[in-house]
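One structure below.
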Amino acid sequence: MMKGDHMKSITRRIVASFCALALSAAFLPLPARAETLSYSDSYDIANGLRYTVASSENGSLRQQSFRLEYTPGSDVFPIVAYGSKLYGKSSIEEIVDYVENQGQSVYGAANADFFVLSTGLPSGLVVNNGRLVSSDGMWNAVGVKPDGRMIVGAPQMAMSLYSSITGDYPVYALNKQRSGAGIYLLNSDFSSQTRSTGTGVNVVLTPVNDEPLKIGQGKQFVVTAVNRDVSGSTPIGDNEYILTASNTYSNRGYTISSLQVGETVTFKANVYNEDFTDAVYACGAGDMAVKNGVMQSGLSSSSNPRTLLGVRPDGSAVALVVDGRQEISQGMSVKNAAQLLLNKGCTNVVNLDGGGSSAEVVRQPGSKETEVVNSPSDGSLRKCANYLLFVNTATPTGEETGAFVYPHSVATLSGAQVSLGANTFDQHYYPVSSYYSGFRVTSPAEQVLEGNVFTAPQQAGEYLISLDHETAASMPASITVYQQPDRVVVKNKSGTTVTSLSMDVGESIDLDIDAYAQSRILYEQDNLFTWQVTGNAGTITQDGVFTASKTTGASGNIVISHNGFSVSIPVQVGKMPSILEDYEDDVTYYATADTQDISAGAQVTHSLDQVRYGSGALSMTYKGASSMDKAHAAVFTAASSAKFSGAKNLTFYGQIHVYQFPHQQRLHGAAGLLCRRGLDPGHSGSPLGCYRCQGLQHIGIPRPGGQHLHRPACGALCRRSARCNSAGDHHAGERHFSGLLRHRQGCHRLCHFLWKHLPDL
């Protein structure tokens, strides 16, 4: 194709992308919430690689997906990449940098194989530039043929080592973590160490030549050492292979210790699925979701972040990443995600690693760098075993062909200001330095630009903005303006959704907004919204910083509004504790009797006579001696684990100690499990004792560092109740406590301590 013809082809593709964008992102009036709302934006990011972002919403079901659509025989070629060693993990950004530092240009990538979380070792096959790196582990796999066509399926690998002296040895795995399952072959691709545990046999092999290890081709080695009863991990040299088996395996028969130093042996790896024989790149994969056009049974039905790869009969492929476990996207089942790829013409679909591993990066046209386009569910990129990368193999021309305006496709509210930029690129989508004068609105004709800043007008609709440039066909930006959102989510700075607030007096919190319209998250600034506070709860700035009143018990609402839409957040001031244990579920409790003549018991009860709130309460019973001339004690212990922000798990112990003395009894307890954020403790007796409970005086809670806090209080240890079923007098007999007796000077101050001295509740 001549240069002029290619220029025309590029222009036609840009125009086609423009038309698709205009059709998919056109503004429509807000429909009823029961209707499925959908949005997509699709455009070429290289010759042979197309990127699509899509979102949908149907009631409370929200999904966001990202696709890389690859066509073989083009500028782009798929590869499988990992770090310098199989043992270890890398993020997708780290792998892209690693590959590009080797001189390749990555234009798209997605996570690939499942892996051992502790080691980063891939579960399945690895082939790198025709070289066999790791065996299939009896998993499915993704492969790339020499002409760029992609395949999926089960390689079904069989490996063996042949000795002319001692015969054949079946090899269980290549470059996997050794276990007692069989014979393993390791080289420096695995790690610099064998990483073995226990004792075993290590046979050191030296290659006869420098030819790479390939599927279907034998490779010869010379035995240089036979080491028996080797304990633990040993080094692997750069030009060295280690044939190893644990003693638990070798002693059962197929021993490799009979190999002789100096003899020549041959290793061979064959696959029953001949499609993988000449694969130049390959990685492992999970279940086949679609096989030969037929959806498979037994697929996971849970909605989670997903990564799948679909392959068409012509070898073209679609890499799909679906976000999940988030407000913006709840995820998909494997079946639903596979159906999406089946609808795109993929007759074979395989499931790749998902969950927090799901990630996709894209290089926008003309950009010098890739960017992560999805939202990983862990909140950050997970380090994984390997990745499927699409690299641009063409040679840059340096001649300007097209221009890409960014942000390319956004939705926003009236009044928002969007700063625009542009990249120019050559016929292979490589970046080209260029001077351009500015931007212009191409549809509608209304001029709403000042320099590179677009101010969203009051009139809702779609606005297309192109680069004002003579020598490059422009891929315009699409900005869809909405007059108001249809949903707003309020979050704190850590990203946690806020639906209500219980604040300490004078405390401040910085709130952010995620606003949505027609399944799309809106490009907006907090200051587009009006922030107000009702009641005497406190004050708030126009960028969302709320400061609580200095009056205990103050209340009100934070009201956030825009153009007739509003959301309200109730606020309570001075009521800090949270429920750590409400005894509604099965919890294990322990009761012990200490010293003479005391028996004790504890249980979660559902008796209506003993439960004030909910359906359960902790019930504690002790029986004392008949005389009061000795000291006695009964100990009740309840353990409960609570998870706090910052991924910290703490275990609290609630305890009652009952001591009997000749003239009094005291009850000491740790009530750390029992306080509740927003609880309004009421008066119940004297600040120095609840005499209705026969001398309940103190509450103590374990503090960080093993210290204890004791407060004069009437609180007991069951839960949120104002009932005490104690009976009797200062003489021995049965005492039965049920519920939580609350006291303003005790429970409330104790809960205040919890809030101040423990991680965020």
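Enumerate the pairs (first residue in the stretch 193-213 and touching a residue at least 40 places away in the same chain (Cβ under 8 Å); second residue anywhere and aromatic (Phe, Trp, Tyr) and surrounded by 17 or more Cβ atoms within 10 Å (Cβ to Cβ)) with beta-carbon separation below 6 Å, excluding pairs fewer than 6 apart on the same chain, so at least 6 apart or on different chains. Pairs found: Leu205/Phe221; Leu205/Tyr241. Scanning the stretch 107-139 for residues that are in a strand (DSSP E or B), within 25 Å of the chain's Cα centre (by Cα) and surrounded by fewer than 24 Cβ atoms within 10 Å (Cβ to Cβ) gives a single hit, Phe115. Taken over the stretch 55-75, the criterion of being of a type in the set (Gly, Ala, Ser) and either buried (at least 19 other Cβ atoms within 10 Å of the Cβ) or assigned to a loop (DSSP other than H, G, I, E, B) (or both) is satisfied by Ser55, Gly59, Ser60, Ser65, Gly73, Ser74. Evaluated against (1) touching an Asp or Glu at 6+ places or on another chain (Cβ under 7 Å); (2) assigned by TED's automatic domain parsing to the domain that holds Tyr436; (3) within 26 Å of Val76 (Cα to Cα); (4) surrounded by 19 or more Cβ atoms within 10 Å (Cβ to Cβ), Leu413 falls short on exactly one condition, (3).
Candidates Asn304, Asn351: the one that is buried (at least 21 other Cβ atoms within 10 Å of the Cβ), outside the structural domain of Lys176 (by TED's automatic domain parsing) and touching a residue at least 40 places away in the same chain (Cβ under 8 Å) is Asn351.
Quick check on my filter: what residues within the stretch 369-385 are in contact (Cβ under 8 Å) with a residue 12 or more places away in the chain, assigned to a loop (DSSP other than H, G, I, E, B) and under 16 Å from Glu100 (Cβ atoms)?
Going through the stretch 369-385, the residues in contact (Cβ under 8 Å) with a residue 12 or more places away in the chain turn out to be 370, 372-379, 381-385.
In the following step, the residues that additionally are assigned to a loop (DSSP other than H, G, I, E, B) were identified as 370, 373-379, 381-383, 385.
Selection gives Thr370 alone.
Of the residues Ala245, Ala289, only one is within 34 Å of the chain's Cα centre (by Cα) and in contact (Cβ under 8 Å) with a residue 24 or more places away in the chain; which? Residue meeting the stated conditions: Ala289. The set of residues in the stretch 140-179 that are exposed (fewer than 15 other Cβ atoms within 10 Å of the Cβ) and either closer than 15 Å to Thr244 by Cβ or of a type in the set (Phe, Trp, Tyr) (or both) contains only Pro170.
Restricting to the stretch 424-451, name every residue that is of a type outside the set (Phe, Trp, Tyr), surrounded by 14 or more Cβ atoms within 10 Å (Cβ to Cβ) and within 27 Å of Val362 (Cα to Cα).
Thr424, Asp426, Gln427, His428, Pro431, Val432, Ser434, Arg440, Val441, Thr442
Taken over the stretch 386-438, the residue count meeting the criterion of being in contact (Cβ under 8 Å) with a residue 40 or more places away in the chain and among the small types (Gly, Ala, Ser) is 9.
Tallying residues that are farther than 26 Å from Leu121 by Cα, touching a helix residue (DSSP H, G or I) at 6+ places or on another chain (Cβ under 8 Å) and buried (at least 22 other Cβ atoms within 10 Å of the Cβ) within the stretch 244-300 yields 1. Within the option set Asp136, Asp75, being outside the structural domain of Arg195 (by TED's automatic domain parsing) and touching a His at 6+ places or on another chain (Cβ under 7 Å) holds for one residue only, Asp75.
When you check Arg325 against the structure, is it within 23 Å of Arg520 (Cβ to Cβ), free of Cβ contacts under 8 Å to residues at least 60 places away in the same chain and basic (Lys, Arg), yes or no? Spelling it out, Arg325 is indeed within 23 Å of Arg520 (Cβ to Cβ), free of Cβ contacts under 8 Å to residues at least 60 places away in the same chain and basic (Lys, Arg). Please find, within the stretch 393-433, the residue that is nearest to the chain's Cα centre (by Cα) out of those that are polar (S, T, N, Q) and outside any loop (DSSP other than H, G, I, E, B). Within the stretch 393-433, the match that is nearest to the chain's Cα centre (by Cα) is Ser409.
Kindly indicate whether any position in the stretch 494-504 is under 32 Å from the mean Cα position of the chain (by Cα), modelled with pLDDT of 95 or more and outside the structural domain of Gln458 (by TED's automatic domain parsing). No: the stretch 494-504 contains no residue that is under 32 Å from the mean Cα position of the chain (by Cα), modelled with pLDDT of 95 or more and outside the structural domain of Gln458 (by TED's automatic domain parsing). Restricting attention to the stretch 140-178, the residues that are assigned to a strand (DSSP E or B) and more than 32 Å from the chain's Cα centre (by Cα) total 13. Count of the stretch 304-348 residues, restricted to those that are among the hydroxyl-bearing types (Ser, Thr, Tyr) and more than 20 Å from Pro78 (Cβ to Cβ), is 2.
The values are calculated or read from the model by the stated rules, or taken from the named source; none is laboratory data. Small disclaimer: the values here were computed from a predicted structure and weren't measured. Cβ: placed from backbone, ideal geometry, glycine included. Neighbour counts: every protein chain shown.
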